[in-house]
1. What single numbered condition from (1) free of Cβ contacts under 8 Å to residues at least 12 places away in the same chain; (2) over 21 Å from LYS168 (Cα atoms); (3) not hydrophobic (A, V, I, L, M, F, W, C) fails to hold for ASP96?
2. What are the residues in segment 59-102 that are among the hydroxyl-bearing types (Ser, Thr, Tyr) and either touching a helix residue (DSSP H, G or I) at 6+ places or on another chain (Cβ under 6 Å) or under 22 Å from GLY154 (Cα atoms) (or both), if any?
3. Identify, please: which residue in segment 43-93 is of a type in the set (A, V, I, L, M, F, W, C) and either over 22 Å from ASP123 (Cβ atoms) or in contact with a Lys or Arg (Cβ under 6 Å, 6 or more places away or on another chain) (or both) and is, among those, surrounded by the fewest Cβ atoms within 10 Å (Cβ to Cβ)?
4. Which residue pairs have Cβ atoms under 8 Å apart, sit 6 or more places apart or on different chains, and have a first residue in segment 56-73 that is under 13 Å from ALA86 (Cα atoms) and a second that is among the basic types (Lys, Arg)?
5. Identify the residue in segment 121-140 that is touching an Asp or Glu at 6+ places or on another chain (Cβ under 7 Å) and not in a loop (DSSP other than H, G, I, E, B) and, among all such residues, is farthest from GLU67 (Cα to Cα).
6. Checking LYS122 against (1) out of contact with any Pro (no Cβ under 9 Å at 6 or more places or on another chain); (2) buried (at least 16 other Cβ atoms within 10 Å of the Cβ); (3) basic (Lys, Arg), only one condition comes out false. Which one?
7. Need at least 1 residues that are at pLDDT 50 or above and basic (Lys, Arg) per element, so show me which helices (runs of 4 or more DSSP H) inside segment 1-79 make the cut, counting only ones lying wholly within it.
Amino acid sequence: MRIFFIIFLILFTLDFCSCQTPSTNVKNNLSKPKQIAMKLNCEKTDAEWKKQLTSEQYEILRLKGTERPGSGKYNSHFEKGIYTCAGCGSELFTNDQKFDSHCGWPSFDGNIAGEEKVKQIKDFSHGMIRTEIVCANCGGHLGHIFDDGPTFTGQRYCVNSLSLNFIKKTE
């Protein structure tokens, strides 16, 4: 019994120490947003983005932040119109693509023009494997996409309200 306890203690100590070893990749991933390897049509300096966006929008669009669930103005918004990127104005989603997923963020089952307006990037941050969605025009972080949508696409674009603006459809 005593030997078992000693072996357990040694293994636990080794496991604990290995978790405490800093990894350069993890540190870099947490301290700086991942650079997007794609051609952008709307490139600006950090100073230009900070001048154009509110501090909350900058945190989400440029630093890949996330708003609190249920706090966004477009979460329960179902007017007819177009949702655009708050960074560059690019048209991203229509009201016909929006649905209530009860997840706390606006959800869409697709984007305008298929995959051309919104790009998907593998995201390994926060110890998870997800797919990040960004505006194809300016690279602004929108949210993440999941394969659990209830419509025929099977997709749920989970988007931060602060990364969007809305243009109401006039009839």
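The values are calculated or read from the model by the stated rules, or taken from the named source; none is laboratory data. Since we're looking at a predicted model, the values are computed, not measured. Cβ atoms come from the backbone with ideal geometry, glycine included; neighbour counts cover every protein chain shown.
1. So the condition that ASP96 fails would be (2).
2. Applying the first criterion (among the hydroxyl-bearing types (Ser, Thr, Tyr)) to segment 59-102 yields 66, 71, 74, 76, 83-84, 90, 94, 101.
Of everything in segment 59-102, those that are among the hydroxyl-bearing types (Ser, Thr, Tyr) and either touching a helix residue (DSSP H, G or I) at 6+ places or on another chain (Cβ under 6 Å) or under 22 Å from GLY154 (Cα atoms) (or both) turn out to be TYR74, SER76, TYR83, THR94, SER101.
3. The initial filter retains those residues of segment 43-93 that are of a type in the set (A, V, I, L, M, F, W, C), namely 47, 49, 53, 60-61, 63, 78, 82, 85-86, 88, 92-93.
Within this subset, residues satisfying the condition of being either over 22 Å from ASP123 (Cβ atoms) or in contact with a Lys or Arg (Cβ under 6 Å, 6 or more places away or on another chain) (or both) are 47, 49, 78, 82, 92.
On the way: ALA47: 8, TRP49: 17, PHE78: 10, ILE82: 16, LEU92: 28.
Across segment 43-93, the extreme among qualifying residues is ALA47.
4. TYR58/LYS50
5. Kept after step one, since they are touching an Asp or Glu at 6+ places or on another chain (Cβ under 7 Å), are these residues of segment 121-140: 121, 123, 130-132, 136.
Restricting the remaining residues to those that are not in a loop (DSSP other than H, G, I, E, B) gives 121, 123, 130-132.
Numbers: ILE121: 20, ASP123: 18, ARG130: 17, THR131: 17, GLU132: 15 Å.
Restricting to residues being touching an Asp or Glu at 6+ places or on another chain (Cβ under 7 Å) and not in a loop (DSSP other than H, G, I, E, B), the top hit is ILE121.
6. (2)
7. On the way: elements: 2-20, 24-31, 46-52, 55-61.
In segment 1-79, 2-20, 46-52 are the helices (runs of 4 or more DSSP H) which contain 1 or more residues that are at pLDDT 50 or above and basic (Lys, Arg).
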